[in-house]
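Down below is the structure, laid out as structure tokens.
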Amino acid sequence: MSGTDGDSASAAPGRPADAAGAAPPAPPARHLVDVTRVTHEAASKSGMLWVRIPEGTTHPVWHVWHDTEDEGGAGPAAYVVSGPGEQSLPRLPDEVEVVLRSKDSGGRLLILRATVREVEPASPEWDTAVAVLRPARLNASGTADELAERWRHSATIHVLTPQGPPVESPGRYDDDSGAAPVRPAAGTTARWRPWHWRGRSGARRNVRAAQHGP
């Protein structure tokens, strides 16, 4: 039985007592985080996450968090659909990083490694994946069956399954800001302008100002 009276005999093994004979103060306890609980809260309470491709780009996507073991054994995992008429997402590698945000502040909460699996339309898991995603796909055109058929012919469904310890978590954040330079893109100019009766008011003001001077 260990003592707690501060005698040198009660000091931790391998830790010498100080000059007064008392053991040095113990290091502060580490802040422990229940990563499973935090992951569930962050992923299920927010429909948005970021997919970070190693040595590549980061993509914001909407997802559905499925926390129940399904027939394909995919849960808990994030289901993501992309393709024509849906969000844009490149072909993903076998492993990515998933960035989850806080439902309270909207800031970065967790960064997790995740394995990636693409669901084949001909596989039995496809119907399960569609059943997970379809109720959360708001403002979709057509009936539920038409949406499912459209996805089968033109969409891609990825299942992202978190694996291993988090890359970043509360109390263990990288000091970098995470800012990224804006990628250059070609600008566009609208050529067609809707017709207005007696012209546009701004244009009339400019004409009057030119006629009367400053």
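Here are the numbers for this structure:
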item: Under Karplus coefficients 6.51, -1.76 and 1.60, residue-wise ³J(HN,Hα) of segment 143-149 in Hz, glycine/proline x; result: 7, 4, 5, 5, 5, 4, 5
item: Normalised per residue, the volume of the convex hull around the Cα set of segment 64-161 (Å³); result: 114 Å³
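Taken together, the values in this text are just the output of simple stated rules run on the coordinates, not laboratory data. Quick caveat, the model's predicted, so the values are computed rather than measured.
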